[in-house]
Amino acid sequence: MAERQYPARRPATTTGSFLQKLREHAPNSTQLVGLATLVISGGILLLLTGLTLTATVLGLIFFAPLILISSPIWVPVGTLIFITIAGSLSFLGFGVAVVASVSWLYRYFRGSTRRARIEWITREHGSLTRRVK
């Protein structure tokens, strides 16, 4: 068999090889616009976060004396509001439970349970329901 002759490869220079790989993996314009949007949006959100944190700290510094002086009022008021809201939610929750229980009892004693409905349908449409079951 004849030996094949391959063309001699030139050793690639480091700079040429690097630039070639860089060109192959270069982003297209859509990716660049997406990256720019991401960087700009991230910067704006970071700026807004910093402004919010700064305003919060300054507000606490300026209003701390007022909060400390009026705390004997805030604690009882907060406790009263908490108890009122908790009581209202409990009352409404118990009301929903009572309505559900009474509804179930009504349907149970009236006989409109699932089994009763299936039996009624079986009586009315006898052969059809036997095939479906």
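No lab work stands behind these numbers, since they all come straight from the coordinates. Keep in mind that what you see is a predicted model, and the values were worked out from it rather than measured. So basically every Cβ, Gly included, is an ideal-geometry build from the backbone, and we count neighbours across all protein chains shown.
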In nm, give the distance between the simple-model label positions of Arg123 and Val77, each being 7 Å from the Cα along the Cα-to-Cβ direction.
6.6
Pull out the extension gain between Phe63 and Leu38, defined as 0.36 nm times the separation in residues minus the alpha carbon to alpha carbon distance; nm, one decimal.
5.3 nm
How many nm is it between the label spots at Thr56 and Val98, if each spot is 7 Å from the Cα in line with the beta carbon?
4.3
